[in-house]
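**Student:** Please read through the structure below; I'll follow up with questions.
None of the figures in this text is laboratory data; all of them are computed from the coordinates on show. Predicted model only: the values in this text are computed from it and were never measured. Backbone-built Cβ (ideal geometry, glycine too); neighbour counts: all protein chains shown.
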Amino acid sequence: MKYCQPDEKGKYGEYGGRYVPETLMAALHELESKYNMLKKDTNFNNELKEHLRDYAGRPTPLYYCRRLTELCKGAKIFLKREDLLHTGAHKMNNSIAQVLIARNMGKKRVIAETGAGQHGVATATACSLLGIECVIYMGSADIKRQHVNVQRMDLLGAQVIEVASGSRTLKDAINEAIRDWVTNVNETYYCIGSVVGPHPYPMMVRDFQSIIGIETRSQFMEQFGRLPDLLIACVGGGSNAIGMFYPFIDQAVRMIGVEGGGAGLDSGKHAASLCLGRIGCLHGAMTYLLQDANGQVLPTHSVSAGLDYPAVGPEHAYLKDTKRIEYTFATDQEALEAFRTLSRYEGIIPALESAHAVAQAMKSSQNMKREQAIIVNLSGRGDKDLDIIAGEL
Amino acid sequence: MKAQMSINNVFELANEKKEKVLIIYMTAGFPDLDRCFEMIREAESGGADIIELGIPFSDPVADGPTIQYSSQIAIEQGATLSCILERLENALIKVPVVIMTYLNPLLSIGRSELFKRLVLSRVSGLIIPDLPVEMAADWPVAAKENNLDLIMLAAPTSPPERLQEITLKSQGFIYCVSVAGTTGTRQQLDENLPVFLRQVRSMTNKSIVAGFGISTPDHISTLKPYADGFIVGSRIINAIRNNENIKNVVAGFKAATRRKKNVSCDA
């Protein structure tokens with residue numbers, strides 16, 4: 001049966017939905033109908049395609065890692081080079097599209113949250129491109145560890161608002177962005193950066209990121225005349241993963257999502273919501289959530305700010321339960337090793353987020369046949385992480 | 001033990017007395033587990049007609065800085081849904097108590113267990129700010145079966161068809177969010193608020209309550225013709241933080257619900 005999610009209420013099985021204050025409900029319905037209209041609109045699609053090609057640099061290459069494969073002595077490892085997209089990560093696919101929607105809706109102001117800063121930079125960039133005011137919420141812990149991206153947003157003319165509540169990371173930046181949106185809903189567009197939040201965001205962000213999987217599929221087919229054997233991507237909220245996986249969902253291709261394992265799953269210091277969470281409701285969606293026995297959201301840890309999030313996109317929750325996608329984790333240490341290995345063996349410095357996927361690819365490759373092929377979504381580049389690396393390696 | 005009045009009885013009685021219902025919000029466990037219940041008793045003696053007790057949640061997206069702060073302190077003080085309900089069983093609060101919390105702590109305890117515990121603790125109603133009407137599914141029915149009112153929120157941004165649905169499904173009263181925004185004290189009320197309250201009034205015979213941003217007795221005086229009750233929240237949390245006399249503060253608000261001028265003309 002053909003995969004067809006979400007349902008008309010924005011639910012993926014029991015996950016997803018729209019659990020937000022009443023004040024936002026009308027805006028979500030308006031966005032949903034606008035999106036359903038625009039996705040069939042030729043002008044909108046042509047403009048988006050043009051920006052993605054001429055401005056963002058699509059298509060991105062599919063690259064075969066010869067030396068890394070030799071090192072692993074197993075299945076061939078390929079990288080989908082989203083790190084080469086303008087601003088250095090896959091986030092741009094979504095930001096350009098959503099800021100175009102914002103302009104179409106006549107919104108004068110765009111707000112966004114950011115963890116690692118990549119979504120903030122991408123949204124600030126898209127807003128510069130289209131001449132719209134931009135406000136970015138970022139946790140103070142993330143501002144500290146990803147300060148290069150704060151400087152970039154500043155240069156791009158966005159206002160970065162520091163969020164000092166709660167765990168001072170991505171979760172709290174989203175809380176504050178939601179509060180801003182509740183307050184300024186009429187003139188403001190909220191550009192969510194991952195497949196999280198209330199419907200239609202998880203669906204919309206998935207659709208915009210699916211360009212990754214669509215290109216990958218045709219690039220691989222063209223070169224090898226068949227489908228790859230295994231796809232791997234890191235999962236924080238899960239937008240790069242769903243973007244890679246979704247176009248393959250009805251095909252016989254194995255897929256693994258890799259969560260931030262932090263100091264290990266028994267340490268309590270991790271961000272592995274699919275591996276260890278239980279069903280709950282955060283940021284407008286029912287999903288797997290790291291929470292205590294009383295339903296309070298737990299603090300998370302990952303060396304990578306982009307994976308440091310206690311929930312996960314609701315579609316991933318559904319795909320885990322249906323066993324269509326396998327979910328595992330890589331620890332901080334494994335990610336750092338993969339970071340160094342990829343840099344040394346291939347001359348590609350990955351984002352720490354993406355390094356989690358690389359770590360899993362190296363493990364998987366060793367247990368697979370040499371004629372098999374693994375494609376890793378290299379979702380971002382690692383320049384932003386050099387300070388963290390200097391402290392950790 | 002004397003039976004508590006139902007929420008509907010409270011509104012009927014206030015109506016007979018030609019006054020408005022005053023609902024006082026407190027964060028359970030703020031400033032700590034014991035003093036929170038002392039504050040409730042003070043609010044009662046100051047004239048609170050209903051207590052809205054907020055169970056703290058780690059990520060309160062509908063709340064402004066004041067209630068975020070009280071929630072954080074309350075969590076640090078060990079306030080959980082379970083322990084608050086346990087204390088409520090013996091708290092001897094005379095006025096109806098309504099529990100306000102986000103969906104996640106409720107899901108965590110499980111719905112059938114939740115309703116059982118709420119009944120045991122003599123809670124009269126439930127407000128869940130992140131459970132909008134179309135996601136509520138069978139919550140209103142299940143609440144009714146347990147003699148609990150599931151109180152729904154209406155917002156100034158809700159289009160008429162949503163307001164119809166909300167006024168139809170909401171039990172006890174309609175919680176009208178008086179401003180597009182989060183909870184918190186405000187100097188001035190939204191000038192369009194009377195229009196919104198009148199619109200809701202035209203759709204239902206149920207009681208209408210204004211909340212969010214009601215910060216002074218004057219706000220109540222201004223809005224008295226348009227609503228049957230008022231919720232005061234962040235102002236009370238600030239009063240607790242400033243060591244003000246809660247009984248007096250509440251009495252000031254209660255007096256505003258009674259003043260003769262501006263007595264309801266279209267209620």
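**Student:** If neighbour count is taken as other Cβ atoms inside 10 Å, put B:Ser108, B:Ser221, B:Ser215 in order from fewest to most.
**Tutor:** Working: B:Ser108 23, B:Ser221 15, B:Ser215 20.
Placing the least packed residue first, the sequence is B:Ser221, B:Ser215, B:Ser108.
**Student:** Rank the residues A:Val235, B:Val232, B:Val97 as a footprinting-exposure proxy: fewest other Cβ atoms within 10 Å of their Cβ go first.
**Tutor:** Lowest to highest Cβ neighbour count: B:Val97, B:Val232, A:Val235.
**Student:** Choose one answer from A:Ser140, A:Ser95, A:Ser128: the residue with the largest mean-square fluctuation in a GNM of chain A with alpha-carbon springs under 10 Å.
**Tutor:** A:Ser128
**Student:** Hydropathy at least -0.5 by Kyte-Doolittle, axial extent at least 15 angstrom from the Cα trace: which helices of chain A, defined as entire DSSP H runs, fit? Don't skip to the answer; put the middle values down first.
**Tutor:** Working: long enough: A:22-38 (25 Å, -0.08); A:91-104 (20 Å, -0.05); A:118-130 (18 Å, 0.80); A:170-184 (21 Å, -0.46); A:211-224 (19 Å, 0.04); A:332-346 (21 Å, -1.02); A:352-366 (22 Å, -0.19).
Span-like helices here: A:22-38, A:91-104, A:118-130, A:170-184, A:211-224, A:352-366.
**Student:** If I measure Cβ to Cβ between cysteines in chain A, which ones have no partner under 4.7 Å?
**Tutor:** Result for chain A is A:Cys4, A:Cys65, A:Cys72, A:Cys191, A:Cys234, A:Cys275, A:Cys281, no neighbouring Cys Cβ within the cutoff.
**Student:** May I pose another question? For each pair in A:Lys73/A:Lys323; A:Lys73/A:Lys320; A:Lys269/A:Lys323; A:Lys91/A:Lys144; A:Lys73/A:Lys269, compute the distance between the two Cα atoms and list the pairs where it is over 24 Å.
**Tutor:** On the way: A:Lys73/A:Lys323 28 Å; A:Lys73/A:Lys320 29 Å; A:Lys269/A:Lys323 26 Å; A:Lys91/A:Lys144 21 Å; A:Lys73/A:Lys269 32 Å.
Among A:Lys73/A:Lys323; A:Lys73/A:Lys320; A:Lys269/A:Lys323; A:Lys91/A:Lys144; A:Lys73/A:Lys269, the Cα-Cα distance tops 24 Å for A:Lys73/A:Lys323; A:Lys73/A:Lys320; A:Lys269/A:Lys323; A:Lys73/A:Lys269.
**Student:** Let me confirm one metric for peptide B:95-106, namely the mean number of other chain beta-carbon atoms within 10 Å of its residues' beta-carbons. Let's see the in-between values first.
**Tutor:** Values: counts 0, 0, 0, 0, 0, 0, 1, 5, 6, 12, 6, 2.
Per-residue shielding by partner chains comes out at 3.
**Student:** Within straight cross-link reach of B:Lys94, meaning Cα distance under 16 Å, which aspartates and glutamates are found once same-chain residues fewer than 8 apart are removed?
**Tutor:** B:Glu38, B:Glu42, B:Glu44, B:Asp49, B:Glu52
**Student:** Can I ask one more? Using the crude model of +1 on Lys and Arg Cβ and -1 on Asp and Glu Cβ, and no other charge, please compute the dipole size for region B:1-119 relative to its Cα centre, in debye to 20.
**Tutor:** Details: 11 positive and 16 negative charges, 70 e Å.
Taking the Cα centre of region B:1-119 as origin, the dipole is about 340 debye.
**Student:** Right, something else. Is it possible to state the helix-based mean residue ellipticity at 222 nm for the protein assembly as shown, with each DSSP H run of 4+ residues giving -39500 (n - 2.57), the sum divided by total residues, to the nearest 500 deg cm²/dmol? What is it?
**Tutor:** On the way: 28 runs with 285 residues, N = 660.
Helix contribution divided over all residues of the protein assembly as shown: -13000 deg cm²/dmol.
**Student:** I'd like the antiparallel share, as a percent to the nearest 5, of DSSP beta bridges with both residues in the protein assembly as shown. Mind showing how you got there, number by number?
**Tutor:** On the way: 14 of 76 bridges.
Around 20 percent of the beta bridges assigned by DSSP in the protein assembly as shown are antiparallel ones.
**Student:** Rank these for me by crowding, B:Asp138, B:Asp63, A:Asp207, B:Asp49, going from fewest to most other beta carbons within 10 Å.
**Tutor:** Numbers: B:Asp138 9, B:Asp63 28, A:Asp207 19, B:Asp49 24.
Final ranking by Cβ density, sparse to dense: B:Asp138, A:Asp207, B:Asp49, B:Asp63.
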